[in-house]
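Q: Quick one: the structure is below, and I'll ask about it shortly.
Just so it is clear, none of the values below were taken in a lab; they were calculated from the coordinates. Treat the numbers as computed from the prediction; the structure is a model and nothing was measured. Glycine also receives a Cβ, built like all others from the backbone with ideal geometry; neighbour counts cover every protein chain displayed.
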Amino acid sequence: MKRNILLCALLLLGIQLQAQEFSKPKEIPVKGNFTNPVASPDGKYALLTQEHNHGVYLLNLTTYDVVPISPNTGIGYGYTWNADSQTFYFKEKGEKEYFSNSKVKSYSIKEKTASEIDLNHNLLPSFNGKNEIVVHTNPFTLQIEATNLKTQKTWLITSNEGQYYNAILSHDGKRVAVHNGPDIWVYNIDGSGKGKLIGQGIATSWSNDDKYLIGFLDESQDGHSISNSEILLFDVENARTKKITSTENQFEMFPSLFGENQVIFSDENSGKIYVSTLKL
């Protein structure tokens, strides 16, 4: 227990505690417990899932209606939006299939229909329907790679030893944020140069101008259950971290930036969804 507390303290030493201006979070009045919200580019919708990535749900951020899209277990991870905000993508497996056999489905909000598309589900998290280049973890080497979907050419991005995960492509497609243990690194998409250590935590979203990453850092006193979690803002250019929430009873996680620096995030303690505005 003391070791875990000491580790958390060490991680927080590099965090500047003066918070950015963060408006008082507004609770989204939805029934049920949800997590991992990902807002559409136009800010009109958000994708949600439930505990253990159970199911995919579509939240209308104007009416607060929640529409169940798929009830299957374990599929609420890695879903992503088309750049037009009218289509989103998620993975789904058959009842007797393994997750490695998952197929990618495209859902049209206008038509209210889902159809299978020809895309490896491992490439899904950085796919927006229009980009030719996607980033992903090689499941065998645990390094981050990029693939050109048009030419099928694949190349290595990370060059250091480690087990990398959760690659997040920048909006301009020139850089990628990756994770290696508790560390967040940013690499050039073409694999040139060395990676840059940005901070520690879990990054979940780039700002529209690609100058910042937003994410969170959770804590555990027993090494198993979460005892707290706060939202962090990472200044990519200066490699500085700022803590932008500080609460005892809320476990803020999975923040997603959209619109004019608006943030949607989940409270893992209550299963509620909140929105706020961040002044960068």
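Q: Restricting to the stretch 133-151, name every residue that is within 21 Å of His171 (Cβ to Cβ) and either exposed (fewer than 15 other Cβ atoms within 10 Å of the Cβ) or touching a residue at least 24 places away in the same chain (Cβ under 8 Å) (or both).
A: Ile133, Val134, Val135, His136, Thr137, Ile144, Ala146, Thr147, Asn148, Leu149, Lys150
Q: Related question: Within the stretch 269-279, which residues are touching a strand residue (DSSP E or B) at 6+ places or on another chain (Cβ under 6 Å) and either free of Cβ contacts under 8 Å to residues at least 60 places away in the same chain or surrounded by fewer than 21 Cβ atoms within 10 Å (Cβ to Cβ) (or both)?
A: If the condition is that a residue be touching a strand residue (DSSP E or B) at 6+ places or on another chain (Cβ under 6 Å) and either free of Cβ contacts under 8 Å to residues at least 60 places away in the same chain or surrounded by fewer than 21 Cβ atoms within 10 Å (Cβ to Cβ) (or both), then Asn269, Lys272, Tyr274, Ser276, Thr277, Lys279 are the ones that fit.
Q: So how many residues does the stretch 97-146 have that are outside any loop (DSSP other than H, G, I, E, B), among the β-branched types (Val, Ile, Thr) and touching a Ser or Thr at 6+ places or on another chain (Cβ under 8 Å)?
A: 5
Q: Could you identify the single residue in Gly78, Gly74, Gly94 that is assigned to a loop (DSSP other than H, G, I, E, B), under 30 Å from Gly191 (Cα atoms) and small (Gly, Ala, Ser)? It would help to see each step written out before you state the result.
A: Details: Gly74 fails: under 30 Å from Gly191 (Cα atoms); Gly94 fails: under 30 Å from Gly191 (Cα atoms).
Testing whether each residue is assigned to a loop (DSSP other than H, G, I, E, B), under 30 Å from Gly191 (Cα atoms) and small (Gly, Ala, Ser) leaves just Gly78.
Q: When the stretch 43-60 is examined, which residues are found to be in a loop (DSSP other than H, G, I, E, B) and either within 17 Å of the chain's Cα centre (by Cα) or within 23 Å of Thr247 (Cβ to Cβ) (or both)?
A: Gly43
Q: Here is a check on your reading of the model: is Gly55 under 20 Å from Met253 (Cα atoms), free of Cβ contacts under 8 Å to residues at least 24 places away in the same chain and either out of contact with any Phe, Trp or Tyr (no Cβ under 7 Å at 6 or more places or on another chain) or among the basic types (Lys, Arg) (or both)?
A: Yes, satisfied.
Q: Go through the stretch 177-192 residue by residue and tally those that are under 18 Å from Pro139 (Cα atoms) and in contact with a strand residue (DSSP E or B) (Cβ under 8 Å, 6 or more places away or on another chain). Break it down stepwise before answering.
A: Initially, the stretch 177-192 is screened for residues under 18 Å from Pro139 (Cα atoms), giving 177-181.
Filter again for in contact with a strand residue (DSSP E or B) (Cβ under 8 Å, 6 or more places away or on another chain), leaving 177-180.
Looking only at that region, the number is 4.
Q: Taking only the stretch 179-189 into account, find how many residues are within 19 Å of Lys211 (Cα to Cα) and free of Cβ contacts under 8 Å to residues at least 40 places away in the same chain.
A: Of the residues in that region, 4 qualify.
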